[in-house]
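Notes to accompany the following structure.
Each value in this text was obtained by applying a stated rule to the coordinates, not by laboratory testing. Bear in mind the structure is a predicted one, so any value in this text is a computation, not a measurement. Every residue, glycine among them, receives a Cβ derived from its backbone with ideal geometry; neighbour counts consider all protein chains shown.
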Amino acid sequence: MYYDMEKDIDHILVGQEELEKICDRMAERIIADYGESGHDLVLVSILKGSVIFTAELYKRIPFPCAIEFMKVSSYGAGTDSSGFIQVHLDLKRDIKGCDVIILEDIVDSGRTLQKLRSLLSDRGAHSVKCFTLLDKPSRRQVDFNPDLVGKEVPDEFVVGFGLDYNEKYRNLPYVGVLKPEIYETK
Ligand code: PRP
């Protein structure tokens, strides 16, 4: 018998139907805001957590639109915006003059997107917006707000639909809250 990940989930926070609706709504917004912008649109998906969300959103866009991936880590402490971002995997194209939407699975302290947004703006993009599937505003450490949020979530340990704990649970088809005994040291 295989390891059933479901048994480690305390409860479902965002079910499959709600996730579909969130992606529908975000795609509608992209179509309305960028469909006739006259600039090339580039979606920048932040690995790894955003891959499932990105794929769901991408297939809902009916006009040409490029996709790129970045892998980054942000460092910093406290509530100031000092600190830096380390780029492990960078874009493979020039984004000068493009409309860019950064796609995140979750915003926590806000450091990653705050730094990434200014990094990509500095490369000459026409516009840079940040869309996130989930947002934990109660965890914010810096002054950053995403441009579009799928769903605000409480400060609980969420996994699934791309989000992991120790590289596990990303492939659950919903967002669930992990049972504390899974991550609490015994
Ligand atoms: C998570 C998430 C964001 C970042 C948010 O990535 O996907 O990129 O942390 O945190 P912040 O708002 O405090 O900066 P993680 O480093 O866990 O990588 P992963 O997506 O590969 O799991």
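Set Lys and Arg Cβ to +1 and Asp and Glu Cβ to -1, take the dipole of the chain about its Cα centre, and tell me which of V42, I182, G110 lies farthest positive.
The residue sitting farthest along the positive end of the dipole is V42.
If you average the sequence gap of Cα pairs under 8 Å that are 6 or more apart and divide by the length of the chain, what percent do you get for the contact order?
Over the chain, the number comes to 24 percent.
With n ≥ 4 as the cut-off for DSSP H runs, can you work out [θ] at 222 nm for the chain, using -39500 (n - 2.57) per run divided by the number of residues, rounded to the nearest 500?
Counting only the DSSP helices, I get -7000 deg cm²/dmol.
Once the Cβ-Cβ distance between K168 and R29 is put in as r, and R0 is 30 Å, what FRET efficiency do you end up with, to the nearest 0.05?
On the way: r = 32 Å, r/R0 = 1.06.
About 0.40, to the nearest 0.05.
What do the square roots of 5 times the Cα gyration tensor eigenvalues come to for the chain, in whole Å, largest first, as semi-axes of the equivalent ellipsoid?
Working: eigenvalues 157, 84, 41 Å².
Sorted largest first and rounded, they come to 28, 20, 14 Å.
How big is D, in µm² s⁻¹, for the stretch 16-71 by Stokes-Einstein at 10 °C and 1.306 mPa s if Rh is the Kirkwood radius over C-alpha pairs?
Values: Rh = 11.8 Å.
Stokes-Einstein gives a translational diffusion coefficient of 134 µm²/s.
Please work out the Kirkwood hydrodynamic radius for the stretch 54-133, using every pair of different C-alpha atoms, and report it in angstroms with one decimal place.
One decimal place: 13.7 Å for the Kirkwood radius.
So how far apart, in nm, are the two label points at Y2 and E18 if each is 7 Å from Cα heading toward Cβ?
2.6 nm
If you place +1 on the Cβ of every Lys and Arg, -1 on the Cβ of every Asp and Glu, and leave all else neutral, what size is the dipole of the chain about its Cα centre, to the nearest 20 Debye?
Computed charge dipole of the chain: roughly 480 debye.
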